[in-house]
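Asks: The structure's right below; bear with me while I get my questions together.
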Amino acid sequence: MIGVRLIGGLGNQMFQYAAGRALSLHLGVDLVVDVSAFNDYKSHSLGLDSFNIESRITNSRERLIWHPGFDSLAYRASAFFDVPGRFYEKGLAYDGLFWTNSDGVFLFGYFQSEKYFKNYRNQLMKEFKLNAPLSEYSMDINKKINDCYSISLHIRRGDYINDPVASEIHGFCGLNYYKRSMEYFKKQNDKVVFFVFSDDIDWAKSNLSDQYNVIFVDGFGRTQEEDLFLMSRAKGHIIANSSFSWWGAWLGEAQDKQVVAPSRWFSDMKLDSSDIVPESWVRI
């Protein structure tokens, strides 16, 4: 049995689970998912339980056998050292030493690269299916996406604009990026329809309504997990520098799928993003 600790928004939860699940399948052992951090986490809620996850999820702070003293400062400081039974992500780049882990390890990190789990795509596609019916609004949007040459377009502003720390690290992609990306798809098919998802839909409506055939996904009652599903149904994708829209694109099953991603993932140039965007995706 191995374990993985979850933290962050839905996209990050999916990266962490995907890496842990891939390792469990590689070793032929069970995976336990520790979500106890969400008991006190204010920034995001747990979303992974909206999917058909086959691994055991625990939020009881049982501490399992891999991480005694989970909340202690000394324990968190141990991330800087090689501690038996614990694997800490040392940086954002893919680490091939991940596969040297054995049964009994507990994983800590974000693991934001498909290199950790792309060989187990079929299993993850199965587990990342919604476990509840779509809302009526989302069913209608799904039909529209299926009936045209659809491109999902995700705009993340929110904390990337309003939180000084997040803005310094990530930064907003900018209107020029989105318009260039839309032109990329429009040149391939002038009947393209862009389905826009955003945490600031009013900004999107103010800036993307004039030149393109656009449907803004803003219906009441849908969930973020439904948005992720709807994004994945599109024929192609324009993503933000966001793990949420990354997954909306990666889960897409359209034949000859094309994904456009920002050429610069972080505002902070010291952060290594070389392994985050798959090589087959277009950078603009």
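Just so it is clear, none of the values below were taken in a lab; they were calculated from the coordinates. Keep in mind that what you see is a predicted model, and the values were worked out from it rather than measured. Glycine gets a Cβ as well: all are built from the backbone with ideal geometry, and neighbour counts include every protein chain shown.
Asks: 7 Å from Cα along Cα→Cβ at both residue 284 and residue 59: what's the point-to-point distance in nm?
Replies: Between residue 284 and residue 59, the label points sit 3.8 nm apart.
Asks: Oh, and also: I want to verify a result. In a Gaussian network model of the chain, Cα cutoff 10 Å, which of these has the top mean-square fluctuation: 46, 175, 130?
Replies: Top of the fluctuation ranking is 175.
Asks: Still on this structure, please answer the following. Tell me the label only: which of (1) 59, 46, 29; (2) 67, 43, 38; (3) 57, 40, 33 is Cα extents along the principal axes in Å as calculated from this structure?
Replies: It is the value labelled (3).
Asks: Taking the Cβ of each residue in 269, 125 as the centre, tally the other Cβ atoms inside 10 Å and list the residues starting with the fewest.
Replies: Ranked by crowding around the Cβ, least crowded first: 269, 125.
Asks: So, counting K/R as plus one and D/E as minus one, what does the shell of residues with Cβ under 12 Å around residue 27 add up to?
Replies: Here the count lands on -1.
Asks: Label points 7 Å out from Cα along the Cβ direction at residue 130 and residue 146: separation in nm?
Replies: About 1.3 nm, to one decimal.
Asks: Using modelled amide H (1.01 Å from N, peptide plane; none on Pro or chain starts), what sits under 5 Å from the amide H of residue 195, excluding residues fewer than 5 places away?
Replies: Counting only residues 5 or more places away or on other chains, the set is 151, 152, 153, 215.
Asks: Can you tell me the FRET efficiency between residue 44 and residue 255 if r is taken as the Cβ-Cβ distance and R0 is 35 Å, rounded to the nearest 0.05?
Replies: Working from the Cβ atoms, E equals 0.55.
Asks: What percent does the relative contact order of the chain come to when contacts are Cα pairs within less than 8 Å and at least six residues apart?
Replies: In percent, rounded to a whole number, it is 20.
Asks: Another question, then. Grab the alpha carbons of the range 209-284, take their convex hull, and tell me the volume per residue in Å³.
Replies: Enclosed volume per residue, from the Cα hull, is 126 Å³.
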